[in-house]
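Everything on this sheet refers to the single structure shown next.
The values are calculated or read from the model by the stated rules, or taken from the named source; none is laboratory data. Bear in mind that the values here come from a model prediction, so they are computed numbers and not experimental data. Cβ: placed from backbone, ideal geometry, glycine included. Neighbour counts: every protein chain shown.
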Amino acid sequence: MAQIGETKGMILFSRDYKEKDKLIKIFTESAGKVMFFAKGIHRPNNPLSTAIQPFTEAVYIGNLKTDGLSFLNSAKDVQPLRKLQEDIFLNAYGSYILGLTDAAIEDHVYDPALYGFTREALQRMNEGADGETIMNIFEVQIMQRFGISLNWQACGVCGKKIGAFDFSSKYNGILCEEHWHLDQHRYHADPRAIYFLRMFNSVTYENINTINLKPETKKAIRQTLDQLYEEYIGLHLKSKKFIDQMSEWQDVLKPRDEK
Ligand SMILES: [Zn+2]
């Protein structure tokens, strides 16, 4: 079924197709992820060229099909997220968020909640909230879309909610200190990392301005998230590899006296 339509959407990625054309993947609010074909996009002054830049939200107008390739004709209300387009770090965090969104659901699946959640993450970054923290919150919460449900609420053995916790795959969730001995293969994570991952699992982006993390806490969170993703999700996105490399440069670039 083909139909002419318009929908709000955000660019997931685009790639050249032959000399003058492009394939553009857009996460649309009304029809899920859709692959569009745009003809003659490399022509100078094509009004679509700004609308298909990475980190842009707009109303896209075209021939929207429920299966196969859709055709993109024009766009309006184009809203670029400038900071994400210009800052190499935010660009990397945002790219990983979009990569996860792209991997988490099938094409043409209507998912306005994920649309809103992704959009809000990118917008908060663009407004100046800490990019790494936003990305981490996104990573924890989007695990559900991959069908992974973990118990971050309370110890899987005794139900305790306060204290130091570790993560256990055996219990698919957290274990309190008293029950660490029940799982030899528990993560041995930094309890601060578990503390923040528990918070990230239920926090909304509105509340994050109050979260201010030290570099070593961020590092511990990163390590635990990597362990979780390796075990439960098993994705190896290029954008994530880039973030890993970036944190190595950051270490080199940072002044040595920082404690
Ligand atoms: Zn316990």
Worksheet item: Is there a residue in the stretch 63-78 that is outside any helix (DSSP H, G or I), on the phi > 0 side of the Ramachandran plot, out of contact with any helix residue (DSSP H, G or I) (no Cβ under 6 Å at 6 or more places or on another chain) and not hydrophobic (A, V, I, L, M, F, W, C)?
Response: yes
Item to complete: Those residues that are within 16 Å of the ligand (Cβ to nearest atom) and in a helix (DSSP H, G or I), I need them from the stretch 164-205; list them, please.
Response: 177, 178, 179, 180, 181, 182, 191, 194, 195, 198
Item to complete: Considering only the stretch 1-50, give the strands (runs of 3 or more DSSP E) lying wholly within it that have at least 3 residues that are of a type in the set (Val, Ile, Thr) and either assigned by TED's automatic domain parsing to the domain that holds residue 122 or in contact with a strand residue (DSSP E or B) (Cβ under 7 Å, 6 or more places away or on another chain) (or both).
Response: 2-17, 21-28
Worksheet item: Just for helices (runs of 4 or more DSSP H) wholly inside the stretch 81-130: which have at least 1 residues that are of a type in the set (Val, Ile, Thr) and assigned by TED's automatic domain parsing to the domain that holds residue 206?
Response: 88-104, 112-126
Worksheet item: Which is closer than 24 Å to residue 241 by Cβ and more than 12 Å from the chain's Cα centre (by Cα), of 92, 121, 193, 154?
Response: 193
Fill in: Qualifying residues in the stretch 20-65 (those that are of a type in the set (Val, Ile, Thr) and within 25 Å of the chain's Cα centre (by Cα)) - the one surrounded by the most Cβ atoms within 10 Å (Cβ to Cβ)
26
Response to the item:
The lone condition residue 220 fails out of (1) away from the ligand (no atom under 16 Å from the Cβ); (2) buried (at least 18 other Cβ atoms within 10 Å of the Cβ); (3) within 18 Å of the chain's Cα centre (by Cα); (4) not polar (S, T, N, Q) is (3)
Discussion item. Being on the phi > 0 side of the Ramachandran plot and away from the ligand (no atom under 16 Å from the Cβ) narrows it down to one residue among 99, 147, 159; which is it?
Written reply: 147
Discussion item. Within the stretch 137-191, take every residue that is in contact with a helix residue (DSSP H, G or I) (Cβ under 9 Å, 6 or more places away or on another chain) and among the aromatic types (Phe, Trp, Tyr) and give me the one that is surrounded by the most Cβ atoms within 10 Å (Cβ to Cβ).
Written reply: 165
Worksheet item: Which condition number does residue 227 fail, the rest of (1) closer than 24 Å to residue 241 by Cα; (2) in contact (Cβ under 8 Å) with a residue 40 or more places away in the chain; (3) in contact with a helix residue (DSSP H, G or I) (Cβ under 7 Å, 6 or more places away or on another chain); (4) assigned by TED's automatic domain parsing to the domain that holds residue 119 being met?
Response: (3)
Item to complete: Please specify each residue of the stretch 201-217 satisfying the condition of being surrounded by 15 or more Cβ atoms within 10 Å (Cβ to Cβ), out of contact with any Asp or Glu (no Cβ under 8 Å at 6 or more places or on another chain) and not polar (S, T, N, Q).
Response: 203
Discussion item. I'd like the full set of residues that are acidic (Asp, Glu) and farther than 15 Å from residue 139 by Cα, limited to the stretch 84-119.
Written reply: 86, 87, 106, 107, 111
